[in-house]
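Peer 1: My structure is below; once you've seen it, I'll send some questions.
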Amino acid sequence: MSGVVVIGIGNDFRRDDGAGLAVVGAARSGLPEGVRVVESDGEPARLLDAWAGSDTVVVADAVRTGAPGGTIHRFELGREALPATRGVGSSHALGLGEATNLAAAMGRLPARLVLIGIEALELGEGPGLSAAVARAVPAAARQLVREVQRAPELAERTG
Amino acid sequence: MTHKAPAGRTLKVDALARVEGEAAMHVEVRGDSVTDVQLQIYEPPRFFEAFLRGRRYTEPPDITARICGICPVAYQMSASRAIEDACGVEVTGPLRELRRLIYCGEWIESHTLHVYMLHAPDFLGYESAIDLAQDHRDVVERGLQLKKVGNDLIELIGGRAVHPVNVRLGGFYRVPTKRELGPIRARLDAARDAARETVEWVAGFDFPDFEHDHELVSLHHPTEYPVLDGRLISNRGLEIAEREFLDEFVEQQVPHSTALQARRRRTDEHYLVGPLARYSLNSSRLAPVARDAAAAAGLGPTCQNPFRSIVVRSVEVLHACDEAIRIIDAYEEPDAPCIPVEPRAGEGHGITEAPRGILYNRYRLDPEGTILDAVIVPPTSQNQPTIEHDLWHFVEDHMDLDDSELGRRCEQAIRNYDPCISCATHFLDLRVDRA
């Protein structure tokens, strides 16, 4: 298996922690054919499995950097440090940052990993994104699709 | 929190990253004695109990699977069995075997995650599995491969690995053909070997002498190592049906934790559920390969040392691999993927053995199958008073350590119980107040 994988991380019963899943859901219909889509709770070993064999990984996840809720961030691994993902909504102790560190130790890092992060606002119990985060989902989904389209694997195939 | 530690030293550790979820621990020391230990944990089932009221009786297997990313199968199975009990239905034969098979996948995945990623680094002096991987990549790779077999087993039977969608009342939406089980069966032999090597590996760790005579509670089945059903027994003579759980156990609100704490109703005593309890009450039911490995690892027929729980978990993974092989080899496709479950007014109970211990569910339905009331008692809320008890003694035995080392060791003691204080934050604040 090679190519591009899109991973939505989150727990949609912890309000904005579901942002990553919502972004991937909204982006799904716009993704090029052959792109794998995975939903994950962010557990590192599963993330390593999810991107095994893929050169380009685009992840959508809730982040907490202190920016206003709904702010869309883009991080590329290797260019800048990943922010704290998931915040209080995590269903586990570990997240994307641990997954990339573990992958580095195991020689399992993808060639390119881009995180589309949405700044979380509400991380209480229950379904439903906060208004600010919900408003940001379509733009984040478009950005995710553009990110996927830029992947060298797809560019070679189409061009 | 109303602790007023006069001029006490306060230690705050942003740690216990290797516990599933969100927790804080507060230890108060006065002179040479521990005066208070509080483990504060947040648990999501409370929210889900309210969320389930008014919903259709068919919905809980899907909804409760979202409670925990690490043990969704346990929540699905306990919910399904409780609602089937209310409706007067019992799932038997190949469908029951498939339920046990997907549950084997969850034990393999959850236990292996804990053994390799969370617990082993404590014994080997590493900060995390990432540091362990830097020195012992092959060992961590073995753990990841073993875990993946569990993951893939859940995905094959459950439709997907996180929050399986193929489980329903009465069985499944779709069952695998014998042929579809072939590829995973082929990998299970190697998984069983890896599981045996895991037992040998962890058996060589150093374990402190630390044993307490807790009441151990688990399911007990006449012929099987318990997973899906059975009588509820203890080493103090308890033997009851699943439906009698709330006659013997009670959940109490404590001010320092949003999670309820369970205790014995009659005596107010704490008790222990999970691998140590399961093993000590059922070791004779283990698959021979797991029994032999346990003996070679130095485990007797019972084990009450929580630090050795890493060995017991590894033995249970070996058992689950062997059991999965046995179930697949004997598998005959059922006539239908599920049996009908018609609603009726009533109350039903179900207990299954989540990786961390018994998970009790009770549902009340109206005649049309609307849920009137749901009770979910997860293993970690049952173990919480016991964890606090152990910490109390552990701190008293190690008062000579400085705050930082004491904090580190306390975290390890908490991790012994693999507390799934799930669906919450990464952060544990550890505070030690010494007056």
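Peer 1: For region B:301-321, what are the residues that are part of a helix (DSSP H, G or I), closer than 21 Å to residue B:214 by Cα and of a type in the set (S, T, N, Q)?
Peer 2: Correct list: B:309 only.
Peer 1: Something else about it: Determine whether region B:48-56 contains at least one residue that is crowded, with 21+ Cβ neighbours inside 10 Å, at pLDDT below 95, assigned to a helix (DSSP H, G or I) and in contact with a Ser or Thr (Cβ under 7 Å, 6 or more places away or on another chain).
Peer 2: yes
Peer 1: Which residues, taken from region B:229-272, are in contact (Cβ under 8 Å) with a residue 60 or more places away in the chain, of a type in the set (A, V, I, L, M, F, W, C) and outside any loop (DSSP other than H, G, I, E, B)?
Peer 2: B:232, B:245, B:246, B:249, B:262, B:272
Peer 1: Sticking with this one: If I filter region B:281-300 for residues that are outside any helix (DSSP H, G or I) and of a type outside the set (A, V, I, L, M), do I get at least one hit?
Peer 2: Scanning region B:281-300, I find at least one residue that is outside any helix (DSSP H, G or I) and of a type outside the set (A, V, I, L, M), so the answer is yes.
Peer 1: Ok, one more. I'd like to check something: does region B:181-192 contain any residue that is touching a residue at least 40 places away in the same chain (Cβ under 8 Å), surrounded by 19 or more Cβ atoms within 10 Å (Cβ to Cβ) and in contact with a Ser or Thr (Cβ under 7 Å, 6 or more places away or on another chain)?
Peer 2: Checked against the condition, which is being touching a residue at least 40 places away in the same chain (Cβ under 8 Å), surrounded by 19 or more Cβ atoms within 10 Å (Cβ to Cβ) and in contact with a Ser or Thr (Cβ under 7 Å, 6 or more places away or on another chain), region B:181-192 yields no hits at all.
Peer 1: Output the number of residues of region A:29-46 satisfying the condition of being under 18 Å from residue A:140 (Cβ atoms) and outside any loop (DSSP other than H, G, I, E, B).
Peer 2: Final tally of qualifying residues: 6.
Peer 1: Would you pick out the residues in region B:203-228 that are aliphatic (A, V, I, L, M) and assigned to a loop (DSSP other than H, G, I, E, B)?
Peer 2: Matches in region B:203-228: B:227, B:228.
Peer 1: Could you check how many residues of region B:380-402 are among the charged types (D, E, K, R) and closer than 11 Å to residue B:27 by Cα?
Peer 2: Final tally of qualifying residues: 2.
Peer 1: Confirm whether residue B:395 is modelled with pLDDT under 90, surrounded by fewer than 24 Cβ atoms within 10 Å (Cβ to Cβ) and of a type in the set (Val, Ile, Thr).
Peer 2: When the stated conditions are applied, residue B:395 passes them.
Peer 1: Considering only region B:354-386, state which residues are hydroxyl-bearing (Ser, Thr, Tyr) and either touching a Ser or Thr at 6+ places or on another chain (Cβ under 8 Å) or closer than 30 Å to residue B:279 by Cα (or both).
Peer 2: B:360, B:363, B:380, B:381, B:386
Peer 1: I would also like to ask the following. Among the residues of region A:51-70, how many are under 26 Å from residue A:123 (Cα atoms), within 13 Å of chain B (Cβ to nearest Cβ) and surrounded by fewer than 24 Cβ atoms within 10 Å (Cβ to Cβ)?
Peer 2: 1
Peer 1: Would region B:179-202 turn up any residue that is closer than 30 Å to residue A:11 by Cβ, at pLDDT 95 or above, away from every other protein chain (no Cβ under 14 Å) and not in a helix (DSSP H, G or I)?
Peer 2: no
Peer 1: When you scan region B:71-90, do you find a residue that is under 23 Å from the mean Cα position of the chain (by Cα), of a type in the set (Asp, Glu), away from chain A (no Cβ under 13 Å) and surrounded by fewer than 24 Cβ atoms within 10 Å (Cβ to Cβ), even just one?
Peer 2: yes
Peer 1: Sticking with this one: Yes or no: residue B:135 at pLDDT 95 or above and over 30 Å from residue B:178 (Cβ atoms)?
Peer 2: yes
Peer 1: If you don't mind, another one. Please specify each residue of region A:19-67 satisfying the condition of being of a type in the set (Gly, Ala, Ser) and either touching a Cys at 6+ places or on another chain (Cβ under 6 Å) or more than 15 Å from residue A:95 (Cβ to Cβ) (or both).
Peer 2: Answer for region A:19-67, where residues must be of a type in the set (Gly, Ala, Ser) and either touching a Cys at 6+ places or on another chain (Cβ under 6 Å) or more than 15 Å from residue A:95 (Cβ to Cβ) (or both): A:22, A:25, A:26, A:27, A:29, A:30, A:34, A:52, A:53, A:54, A:66, A:67.
Peer 1: Considering only region A:73-113, how many residues are within 12 Å of chain B (Cβ to nearest Cβ), modelled with pLDDT of 65 or more, within 29 Å of residue A:124 (Cα to Cα) and not in a helix (DSSP H, G or I)?
Peer 2: Residues that pass the stated criteria total 1.
Peer 1: Next question. Among the residues of region B:141-165, which ones are at the interface with chain A (Cβ under 10 Å from one of its Cβ atoms) and either in a loop (DSSP other than H, G, I, E, B) or β-branched (Val, Ile, Thr) (or both)?
Peer 2: B:160, B:161, B:162, B:163
Peer 1: Now a separate question. Could you check region B:160-177 and list, in sequence order, the residues that are at pLDDT 95 or above, surrounded by fewer than 17 Cβ atoms within 10 Å (Cβ to Cβ) and over 18 Å from residue B:342 (Cβ atoms)?
Peer 2: B:174, B:177, listed by residue number.
Peer 1: Among the listed residues B:62, B:138, identify the single one that is part of a helix (DSSP H, G or I) and free of Cβ contacts under 8 Å to residues at least 24 places away in the same chain.
Peer 2: B:138
Peer 1: Got a sec? Which of B:310, B:328, B:339 is of a type in the set (A, V, I, L, M, F, W, C), closer than 20 Å to residue B:172 by Cα and surrounded by 18 or more Cβ atoms within 10 Å (Cβ to Cβ)?
Peer 2: B:328
Peer 1: Step by step: first the residues of region A:4-46, then only those that are more than 11 Å from every other protein chain (Cβ to nearest Cβ) and within 25 Å of residue B:142 (Cα to Cα), then the one that is surrounded by the most Cβ atoms within 10 Å (Cβ to Cβ). Which residue is that?
Peer 2: A:7
The values are calculated or read from the model by the stated rules, or taken from the named source; none is laboratory data. Everything numeric here is computed off the predicted structure, so don't read it as measured data. Positions of Cβ are generated from backbone atoms using ideal geometry, with glycine treated the same way; all protein chains shown enter the neighbour counts.
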